[in-house]
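> Attaching a single structure in structure tokens format; questions to follow.
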Amino acid sequence: MRVVILNFLSLDGVYQGPGSPDEDRSDGFERGGWFVPFVDAALESRVEEWAASATGFLFGRRTYEEFSAVWPTITDPADRNAARLNSLPKYVAATSPVDTTWGPATVLDHDVGAAVAALKQDGSGELQVHGSGRLGRSLLAANLVDELRIAIAPVIVGQGRKLFGDTEAPSGFKLLSEDRTPSGLIMCRLESTGGGAAGTYVRGQTNLSVAGAASD
């Protein structure tokens, strides 16, 4: 099973509170709603396309609880995102009790990294992480992410939690696709290539030698 992260990011990598000023004020965050000015039909269409390949979902506790309060109320059969979210298996990374009425749901309450690694080995299809930035960051640090699908807004938030942080080693990605929406979002798909790569630039040299190239 492949693990795919879908997220909305600012230019400085912030994922916190994209949808409204009050969406997530934790840790004193006061700049929520920064993504809303860039939402348009092109974004909605592309996110629906990205989500269409999901065969299961992985959430952090907070995101699962927020989603479970909204998506079960959307019963329009024409809403394909709602149909997938409401019917497909859901896994919740949580160390405290979770009401799993919005099912089918399985709580991963111990070693989440080991549990996700086991799902990758035993399952098939695509396990998608929607939102859940802290969880996504931990999966990236553990090198468990196969693909990133991100919408980058042309704004520097300057405060808030970020998806990318310090890791024990660099991670490499290959750009699979990139396009822009009328509102100015950059929509990217990036596939993990394993470790990062580094080299030495020499002025006028066209074929740079690269040390520590990413593995296939």
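The values are calculated or read from the model by the stated rules, or taken from the named source; none is laboratory data. Every value quoted in this text rests on a predicted model; they were computed, and no experiment measured them. Virtual Cβ from ideal backbone geometry, glycine too; neighbours counted across all protein chains shown. Just the protein is used for accessible areas: all its heavy atoms, side chains included, with ligands, DNA and RNA removed. Shrake-Rupley method; radii C 1.70, N 1.55, O 1.52, S 1.80 Å.
> Can you give me the relative contact order of the chain as a percent, contacts being Cα pairs under 8 Å and 6 or more apart? Intermediate results must be reported in sequence, preceding the final value.
Values: 406 pairs, mean separation 61.0, N = 216.
Worked out over the chain, it gives 28 percent.
> Give the residue list of trypsin sites (Lys or Arg not before Pro) in region 111-203 that are DSSP loop and have at most 10 other beta-carbon atoms within 10 angstrom. Mind showing how you got there, number by number?
Numbers: sites: LYS120, ARG134, ARG137, ARG149, ARG161, LYS162, LYS174, ARG180, ARG189, ARG203; in loops: ARG161, ARG203.
Counting only loop positions with at most 10 other Cβ atoms within 10 Å, the trypsin sites (Lys or Arg not before Pro) in region 111-203 are ARG203.
> What FRET efficiency would be calculated for the residue pair GLN205, LYS162, taking the C-beta separation as r and a Förster radius of 30 Å, to the nearest 0.05? Working shown, then result.
On the way: r = 34 Å, r/R0 = 1.14.
Computed FRET efficiency for GLN205 and LYS162 comes out at 0.30.
> Oh, and also: Using packing as a proxy for protection, rank 72-78, 22-28, 122-128 so that the peptide with the highest average count of other Cβ atoms within 10 Å comes first. Walk me through the numbers on the way to the answer.
Values: 72-78: 9.3, 22-28: 11.9, 122-128: 15.4.
Per-residue mean Cβ counts within 10 Å order the peptides as 122-128, 22-28, 72-78.
> Does region 27-154 come out rounded, prolate or oblate, given a ≥ b ≥ c as the square roots of the eigenvalues of its C-alpha gyration tensor, rounded meaning a/c under 1.5 and, failing that, prolate meaning a/b above b/c?
Details: a/c = 1.36, a/b = 1.21, b/c = 1.13.
In terms of gyration-tensor shape, rounded.
> Hey, of (i) 1.00; (ii) 0.98; (iii) 0.95, which did the structure itself give for Rg/Rh (Cα atoms, Kirkwood Rh) when calculated?
(ii)
> Could you tell me the ratio Rg/Rh of region 92-164? Both radii from Cα atoms, Rh via Kirkwood. List each step's numbers first, then the result.
Working: Rg = 14.2 Å, Rh = 14.2 Å.
On the Cα set of region 92-164, Rg over Rh gives 1.00.
> Here's a follow-up. Tell me the carbon and sulfur percent of the accessible area for the chain, rounded to whole percent, probe radius 1.4 Å. Each step should come with its number before you reach the end.
Numbers: 6080 of 11560 Å².
Ligands and nucleic acids excluded, carbon and sulfur reach 53 percent.
> Given the C-alpha centroids of region 31-83 and region 170-188, what is the distance between them in whole angstrom?
19 Å
> What relative contact order, as a whole-number percentage, does region 16-135 give when Cα pairs under 8 Å and 6 or more residues apart are counted? Don't jump to the answer; show the numbers that get you there.
Working: 147 pairs, mean separation 31.8, N = 120.
Answer for region 16-135 is 26 percent.
> First check a/c for region 65-122, with a ≥ b ≥ c the square roots of the eigenvalues of its C-alpha gyration tensor; if it is under 1.5, answer rounded, and if not, answer prolate when a/b is larger than b/c or oblate otherwise. All intermediate terms of the calculation are to be shown ahead of the outcome.
Details: a/c = 3.50, a/b = 1.68, b/c = 2.08.
Note, shape of region 65-122 comes out oblate.
> Please list, in chain and number order, the residues 5+ apart from LEU58 or on another chain whose amide H is under 5 Å from its amide H, with Hs placed from the backbone.
TYR91, GLN128, VAL129, HIS130
> Mean residue ellipticity at 222 nm from the helices of the chain, using -39,500 (n - 2.57) per DSSP H segment of n ≥ 4 over the full residue count, to the nearest 500 deg cm²/dmol?
That comes out to -6000 deg cm²/dmol.
> Another question, if that's okay. In nm, to one decimal, how far is the ARG80 label point from the ASP122 one, both placed 7 Å along Cα→Cβ?
So the label points at ARG80 and ASP122 sit 3.1 nm apart.
> Suppose R0 equals 30 Å; then what is the FRET efficiency for ILE186 and ASN143 from their Cβ-Cβ distance, rounded to the nearest 0.05?
Numbers: r = 25 Å, r/R0 = 0.82.
The formula returns an efficiency of 0.75 here.
> So if the hydrodynamic radius of region 1-49 is defined as the Kirkwood radius over C-alpha pairs, what does Stokes-Einstein give as its diffusion coefficient at 20 °C and 1.002 mPa s, in µm² per second?
Numbers: Rh = 12.1 Å.
Roughly 176 µm²/s, to the nearest whole number.
> A further question on this structure: Could you rank the peptides 96-108, 43-55 by their average count of other C-beta atoms within 10 Å per residue, with the highest value first? Let's see the in-between values first.
Values: 96-108: 13.8, 43-55: 15.5.
Put in order of decreasing packing, that is 43-55, 96-108.
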